[in-house]
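Below is one structure; the comments refer to it alone.
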Amino acid sequence: MELHIKPISRQSGISAETFKPGQKVRSWLYHDAAGEVQRMDCLESEAAQFHPDGLILCLWTRVVKKPAESDAEARRQALMGAEELFLAMTGAGDESELELVEQPASPDAATTSPGAQDPTFLGLIALMLERKRVLRQIPTAETGKLCYLHARSKKTITIDRPDLSMERIIALGPRLEQLLGL
């Protein structure tokens, strides 16, 4: 048995008024006279005017939220933030873009809080930017270093080779998520 239920409506099925953020909307799923499953959305103030002609399967009320940015736009913004962060941390960006504050040294700084010189943190951001074709790795003769070409500015950026052990990546996960919104 297939159910074809229409998606959430953007306007009231009774008054045709467009829903605005903060308004309460009442929704029903019900069987109509023909036995088909139908959906009805209306403002909560109009709910008393609606009388379905069949069995009500469920009903609920929700508050209309502000429309979120599209997923593509959110990903683009996160990528731009990662690019700016990487350029600022490596000194390859404009000085006006981002000011980094050095974290005070602590005994466990290498495992908890990546500072401006953390090669694993930089390496993970570089990998993400390389995957998105913002950076391109280029060969280098220096041992223990990675060299990248920034696609837009054509600047060459050299970083220390990161420690990509599973423990280190897991330790940096929450920090990357917090900074980059991933």
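The values are calculated or read from the model by the stated rules, or taken from the named source; none is laboratory data. Since the model is a prediction, treat every value here as computed from it, not as a measurement. Glycine also receives a Cβ, built like all others from the backbone with ideal geometry; neighbour counts cover every protein chain displayed. These accessible areas exclude ligands, DNA and RNA; they are computed on the full protein's heavy atoms, side chains included. Shrake-Rupley method; radii C 1.70, N 1.55, O 1.52, S 1.80 Å.
Some points to look at:
Condition check ((1) charged (D, E, K, R); (2) open to solvent by less than 70 Å² (accessible area, probe 1.4 Å); (3) in a strand (DSSP E or B)) across all residues:
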{"position": "PRO7", "(1), (2), (3)": "no, no, no"}
{"position": "ARG26", "(1), (2), (3)": "yes, yes, yes"}
{"position": "TYR30", "(1), (2), (3)": "no, yes, yes"}
{"position": "ARG39", "(1), (2), (3)": "yes, yes, yes"}
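- Entry remark, region 118-155: residues being open to solvent by 50 Å² or more (accessible area, probe 1.4 Å), more than 17 Å from ALA88 (Cα to Cα), of a type outside the set (A, V, I, L, M, F, W, C) and over 23 Å from the mean Cα position of the chain (by Cα) number 7 in total.
- In region 7-52, the residues that are among the aliphatic types (A, V, I, L, M) and under 15 Å from VAL63 (Cα atoms): ILE8, VAL25, LEU43, ALA47
The rows are residues; the columns are (1) modelled with pLDDT under 85; (2) polar (S, T, N, Q); (3) part of a strand (DSSP E or B).
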| residue | (1), (2), (3) |
| --- | --- |
| CYS42 | no, no, yes |
| LEU57 | yes, no, yes |
| GLN77 | yes, yes, no |
| PHE86 | yes, no, no |
| ASP94 | yes, no, no |
| PRO104 | yes, no, no |
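- For region 1-32, a residue qualifies if it is of a type in the set (A, V, I, L, M, F, W, C) and at pLDDT below 85, and the qualifying residues are MET1, LEU3, ILE5, ILE8, LEU29.
- Residues of region 12-24 classified as part of a strand (DSSP E or B) and touching a Cys at 6+ places or on another chain (Cβ under 9 Å), total: 0
- Among the residues of region 156-165, the ones that are open to solvent by 40 Å² or more (accessible area, probe 1.4 Å) and of a type outside the set (Ser, Thr, Tyr) come to 4 in all.
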